[in-house]
Amino acid sequence: MIEPDFLRDTRASYDAVAASYDRQFRDELASKPYDRAVLTTFAELVRRDGGGPVADVGCGLGTVTGHLADLGLDVFGIDLSPEMVALARRNRPGLRFEEGSMTALDLPEGGLAGITAWYSIIHVPDELLPDTFTGFHRALAPGGHLAMVFQVGDEPVVRTEAFGRPISLTLRRRRPEQVEALLAGAGFALCARLVREPEPYAGGTETTPQAYLVARKPRG
């Protein structure tokens, strides 16, 4: 099977800048109170409904994975980039990190209590989001929760350079209502929506609003 160009380009781009990305963004969650608040809520929902394994898809450096572990969840990370996975394993040696793509999760059906996708659906083309969300739904147990955050907007941004290295990345900004409709089409029920204005963070200042969505796979 031929690998889609966006997967190859995304992997190669993050591999190329992984070390620099780690130096700048490893501790960025400490400067994002809204992110931490939504993750805390997500962790409480998972524990309230009995707990179980949680997958942090597109985990990057493992920052969110580690934070969820500190909140008491049984969590592991999945990322497309081997270099990012290596750094995540170094940063959080007690946790499990695997290489893989969120567009084709190699996970047992109904085996997860939760999924997080933290700024990671931004690299998935629009036409592949429905199947990606269907894959999330399949991997979750009934009653399982999904939490995600992404940049709000209408036009994609193409990046050809980062940290002085050539890359090829498309960052897809989306409207919350667009993503909500796709989640509903995949069988999810929306639990919460939060849209906030841009804020400063460890890497600089955001340029767009940020949208947080929490959804649930209904029981029955």
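The values are calculated or read from the model by the stated rules, or taken from the named source; none is laboratory data. Owing to the predicted nature of the structure, the values given are computational and were not obtained by experimental measurement. When we count neighbours, we look across all protein chains shown, and the Cβ atoms used for this are built from the backbone with ideal geometry, even at glycine. These accessible areas exclude ligands, DNA and RNA; they are computed on the full protein's heavy atoms, side chains included. Shrake-Rupley method; radii C 1.70, N 1.55, O 1.52, S 1.80 Å.
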(request) Could you pull out the residue among D15, D5, D9 that is open to solvent by 40 Å² or more (accessible area, probe 1.4 Å), more than 15 Å from the chain's Cα centre (by Cα), at pLDDT below 95 and of a type outside the set (A, V, I, L, M)? (result) D5
(request) Report yes if some residue within the stretch 41-63 is β-branched (V, I, T) and within 24 Å of L128 (Cα to Cα); otherwise report no. (result) yes
(request) Considering only the stretch 131-171, give the strands (runs of 3 or more DSSP E) lying wholly within it that have at least 1 residues that are open to solvent by less than 10 Å² (accessible area, probe 1.4 Å) and β-branched (V, I, T). (result) 140-151
(request) Evaluate the stretch 47-61: report whether one residue or more is under 23 Å from S101 (Cβ atoms) and assigned to a helix (DSSP H, G or I). (result) no
(request) Have a look at E28, E99 and point out the one that is in contact with a helix residue (DSSP H, G or I) (Cβ under 8 Å, 6 or more places away or on another chain), among the charged types (D, E, K, R) and modelled with pLDDT under 95. (result) E28
(message) I need a count of the residues in the stretch 172-186 that are buried (at least 16 other Cβ atoms within 10 Å of the Cβ) and not acidic (D, E).
(response) 8
(request) Please specify each residue of the stretch 134-155 satisfying the condition of being in contact with a Gly (Cβ under 9 Å, 6 or more places away or on another chain) and more than 20 Å from V64 (Cα to Cα). (result) T134, H137, R138, A141, P142, G143
(message) Among the listed residues G220, G144, G135, G187, identify the single one that is at pLDDT below 95 and small (G, A, S).
(response) G220
